[in-house]
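All remarks here apply to the structure that follows.
The values are calculated or read from the model by the stated rules, or taken from the named source; none is laboratory data. Quick caveat: nothing in here was measured; it's all calculated off a predicted structure. Here Cβ is always computed from backbone atoms with ideal geometry, including for glycine, and neighbour counts include all displayed protein chains. The protein model used for the area step is the full one, side chains on, heavy atoms only, and it has no ligands, DNA or RNA in it. Shrake-Rupley method; radii C 1.70, N 1.55, O 1.52, S 1.80 Å.
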Amino acid sequence: MRVFAVLLTLMIVQSVPGVVAASEAGRTEKGWTARIVGHTAGPSLLIGVSKKNQQLYLFQQKSPLSLKETFVCTTGELEGDKYIEGDLKTPEGVYFTERRLDSGLDPDLYGKLAYTLNFPNPVDRLKGKTGSGIWIHGRGHALVPRETKGCVALYDPDMAQLEPHLDVGLPVVIAEDLDWRAGDSTAPPPENLEVLVKQWALAWQAKSEHFFEFYDSEKFSKAHRTPFKAFRDHKENLFNRLPWIQVAANDVVVVPGPDYWVTAFSQYYRSPHLTSAGVKRLYWQKDEDGALRIVGREFREGDAELARSLEQEYLRQVTAEMDGFVEGWRASWERGNLDAYVGYYASNAEQGGRRGVGAIRDHKISLWKTQAPELVKIEDMRVDMHPQGVQVQFTQKYAAAGNYSDLGSKTLVVTPSEQGWRILREDWRAL
C-alpha cells in the first residue's frame, strides 16, 4: 500500500474527554493520548504505538475501522516525549516510514529488519527537539518493556509478520496511549484540510500571491532553519520566469498529531522545463487567529512506477478538460462566433502560416464573408503530453457555405495560461 494511492479513512482526534490537557491538545504531563476514528481522508493502513501498554497496533479501514493486528513492542527506557538527543525517550507524534534496512544490522539489537522514521519532523524541529535514528525494528532476543534508546522494537517473528503491510510512507502514530473506535468512514476529514490542500495547489498553479498566505512565515523559517524570504524569493522568481505551472494534489491523507495536522498526498508538478512526481507532506498548525497555516513540508521524489502512474492520472484529468475545451472551440467555430472562437487561442498562436491571434481573426473575417461555417465535426480525439502543454489530435470534417467541404487530420498544441487552456499551434493535413 502506498500512502498516495488510496482514499484515506482514518482520523486521529487530539483530546480525550475527562483528561485535563496541558499546552498541547490531548497532552498531559504523562504524554499525548491519541484517539483514532474513521473519516474520508485517513490512511487505509496506519500503525499506532501505545507506550503505556507497550503495544503496536495495525489499523485497517475497510468500512468500518478495524484493528487488524496487535504486537507486543518495547519503547524507550525513560517515560515522556523525546526532546533531547540521547534522552532515551521515544518521540510522540505523527511519523512516516522512510527507508527499509535489511543488512548490516546488529541482529541482537535490531533483528533482521528495520524501517527508519522521519524524526525529527518539521514540527519537532520547530519545538527544538533533537536526535535521530528512531526506527521500527526487530529484536533478536526476548523483549523487555522499555529497553530501547528511543526506537520501537518488536520480536523478530512479529516484525516478519508485520512486514507485508509495511511500505515507505506508511503513517505511524506514536503516543503515550491510544484510544480507538470504529467510526463512520463517510465523516468529513478534520479541519477542512483536504479542501485547504486543493486550494493551496490551485494558488501555486495560478502563481498567485495568495499562495504565500497559506504559510506561517516565522514558524516555517524556524522549522526549516532558513529564512522564509529565501523560499518566497525562489518561488516568485519561478512565477515570473515560467509561462505556466501545473500542480495536481491527489489522494490527500489527513492525520492529526498532538498540536498539529499532517496532510500527505501524491504531487504531480509540470512546467515547460521540469516534470516532478512524488509524495508531499505539509505540516499545519493554527495561528493566533485560529487559522491553519503551513509550518513545515517534506517531499519524497517518486520512482519510475509512481511517475508513470501520476502522469497517467494527470493525462486522464487533462483529457476530460480537453473534451470540454475542444467542444467549446468547435461549437464557436461552427456557429461563426468570431469573438468566442479567437478567445480559445493564445496571443502568439500559430495557425497554418498565420502568426498571432490578430492574424487568425483577420483571416476568419475575410473567409467567413463568402464561406460561413456550417459544420465542424470531430471524431477519434486523442490527447498526449507535449513539452508546451498537451497535444490534441482528431479527425475533422468541415463544411461551409458555397458547397465547400473537406476532411483532414487536425493537431492542436494546447498550453496552460492564467486564463485557462489556450491553443498555441494548429496544424491540418488533408485525408
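Neighbours of Ala41 by Cβ distance under 12 Å: Lys/Arg scored +1, Asp/Glu scored -1, total -2.
Comparing Asn53, Asn403, Asn250 in a Gaussian network model of the chain where C-alpha atoms under 10 Å apart are linked, the largest mean-square fluctuation is found at Asn403. When the Cα positions of Asn240, Gln205, Val252 are compared along the charge dipole of segment 185-267, Asn240 comes out farthest toward the positive end, with charges on each C-beta of Lys, Arg, Asp and Glu.
For the chain, the solvent-accessible area of protein heavy atoms averages 45 Å² per residue (probe radius 1.4 Å; ligands and nucleic acids excluded).
When the Cα convex hull of segment 355-431 is projected onto planes of every orientation, the mean area is 5.9 nm². For the chain, a Gaussian network of Cα nodes joined below 10 Å ranks Ile360, Ile245, Ile136 by mean-square fluctuation, and the top entry is Ile360.
Translational D (Stokes-Einstein, µm²/s) of segment 254-338 at 25 °C and 0.890 mPa s when Rh comes from the Kirkwood sum over C-alpha pairs? Taking Rh from Cα pairs, D becomes 152 µm²/s.
Taken as Cα centroids, segment 57-99 and segment 151-227 sit 15 Å apart, rounded to the nearest whole angstrom. Beta bridges per DSSP, both residues in segment 203-312: antiparallel share near 95 percent. If you wrap the Cα atoms of segment 290-431 in a convex hull and average its projected area over all directions, you get 12.2 nm². Other residues whose C-beta falls under 15 angstrom from the C-beta of Ala142 contribute a net charge of -2, scoring Lys and Arg +1 and Asp and Glu -1.
For the chain, the mean residue ellipticity at 222 nm estimated from helices alone is -7000 deg cm²/dmol, where every DSSP H run of n ≥ 4 contributes -39500 (n - 2.57) and the total is divided by all residues, rounded to the nearest 500.
Overall size of the chain from C-alpha positions, given as principal axis extents largest first: 92, 43, 42 Å.
Computed in the context of the full set of protein chains, the accessible area of the chain at 1.4 Å probe radius has 49% of its extent on carbon or sulfur. Give me the log10 of I(q) over I(0) for segment 340-392 at q = 0.28 Å⁻¹, as the Debye formula computes it from C-alpha points; what are the numbers? So the normalised log intensities work out to -1.14. For Thr370, the solvent-accessible surface with a 1.4 Å probe is about 100 Å², rounded to the nearest 10. When the Cα convex hull of segment 68-158 is projected onto planes of every orientation, the mean area is 6.0 nm².
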